[in-house]
Amino acid sequence: MDPEKGSSQIVKVTPFQQILASCTGAILTSLMVTPLDVIKIRLQAQRTPFPKGKCFVYSNGLMDHMCVCEEGGNKAWYKKPGNFQGTLDAFFKIIRNEGIKSLWSGLPPTLVMAVPATVIYFTCYDQLSAFLRSKLGENETRIPIVAGIVARFGAVTVISPLELIRTKMQSKKFSYEELHRFVSKKVAEDGWISLWKGWVPTILRDVPFSAMYWYNYEILKKWLCEKSGLYEPTFMINFTSGALSGSFAAVATLPFDVVKTQKQTQLWIYERQKISMPSHMSTWFIMKNIVAKDGLSGLFTGLIPRLIKIAPACAIMISTYEFGKAFFQKQNIQRQQF
């Protein structure tokens with residue numbers, strides 16, 4: 001296959017087809033990675049039970065959200081007492097005692113956020129990359145960085161209000177009328193900007209992650225293709241490139257992830273107590289407090305669990321997405337031939 005012809009085929013994938021490919025990838029990634037986080041939360045709950053009203057961050061590698069421990073709520077999956085000796089022990093005991101469906105507890109709200117966020121992110125990245133290549137040339141190495149930054153910036157900005165609303169809905173059951181009143185009151189009291197609370201630490205974590213991820217992914221994919229003597233990457237090349245680039249970006253941005261988790265937790269606690277968040281609780285202030293209390297290692301808390309989730313999540317997502325695009329490319333080429 002001619003490499004120039006192969007690269008030009010990217011244009012033949014329509015935005016709608018990119019949306020379908022990214023949507024499929026988001027659903028498959030959530031299905032495969034969610035059990036890892038369910039097990040992690042169950043292990044955390046048995047070691048340090050969550051007090052009433054305390055929250056934690058639930059993540060499946062693609063995105064994360066807040067959950068609140070309420071007595072009598074419908075999230076008993078993470079409050080059930082356990083006697084687990086480790087990850088594998090928890091995996092088998094949960095299946096034996098509660099059924100295999102328990103490993104996918106909390107999946108619906110995960111999909112509600114993961115699918116639109118991923119669709120916006122991946123579709124924007126591809127569209128921006130194609131545009132920049134048409135202007136700057138195919139071999140411009142800065143394209144993945146610029147496209148990754150802009151796409152992630154846009155996705156985080158669009159999804160942030162939905163994240164805040166869903167967090168509120170998770171605290172207890174809300175009707176749509178009650179939810180509308182909550183949002184209206186929030187906007188009336190604090191303005192529209194209040195719907196983007198937690199946006200800054202999310203941007204500080206996700207934008208650098210995106211820049212590093214896409215740059216390394218494109219470099220690794222090209223290098224592996226050259227080593228294999230291929231013009232087009234295979235499924236395994238995409239899978240390997242996604243896992244390695246995701247792991248590197250996860251390690252580099254972990255300090256901002258730790259800060260984001262603490263800031264969102266504090267925001268929620270202040271919200272529940274109906275008091276204003278102190279103005280000095282900035283990202284930099286929280287980071288300094290972590291270093292003063294736990295040293296630099298405190299900024300890398302949870303490194304192994306983050307890698308265990310993000311490496312497979314990135315690998316599954318990108319390889320599924322690329323596979324979907326390749327499928328649509330072939331379909332489009334066949335249509336042109338008839």
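The values are calculated or read from the model by the stated rules, or taken from the named source; none is laboratory data. Worth saying up front: this structure is predicted, and the values here are computed from it rather than measured. So basically every Cβ, Gly included, is an ideal-geometry build from the backbone, and we count neighbours across all protein chains shown. Side chains are part of the model used for accessible areas, which takes the heavy atoms of the whole protein and leaves out ligands, DNA and RNA. Shrake-Rupley method; radii C 1.70, N 1.55, O 1.52, S 1.80 Å.
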| query | How would Ser241, Ser247 rank on accessible area, largest to smallest, probe 1.4 Å? | reply | Ser247, Ser241
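Keeping all protein chains in place and using 1.4 angstrom, which order do Leu224, Leu36 fall into by accessible surface area, from largest down?
Greatest to least solvent exposure: Leu36, Leu224.
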| said: Using +1 at the C-beta of Lys and Arg and -1 at the C-beta of Asp and Glu, which of Gln336, Met287, Ala313 has the Cα lying farthest in the positive direction of the dipole of segment 285-338? | reply: Gln336
| request: Please calculate the 1.4 Å probe accessible area of Arg181, with all protein chains present, and give it to the nearest 10 Å². | output: 130
| request: At 1.4 Å probe size, with no ligands or nucleic acids counted, give the accessible surface of Phe131 in Å², nearest ten. | output: 120
| remark: Beyond 22 Å (Cα-Cα) in this structure, taken from Lys222/Lys325; Lys221/Lys325; Lys197/Lys288; Lys101/Lys309; Lys227/Lys330, we find Lys227/Lys330
| message | Students sometimes get this wrong: rank Asp294, Asp126 by accessible area, probe 1.4 Å, all chains present, largest first. | response | Asp294, Asp126
| note | With label points set 7 Å from each Cα along the Cα-to-Cβ direction at Lys330 and Asp294, the distance between them in nm comes to 4.7
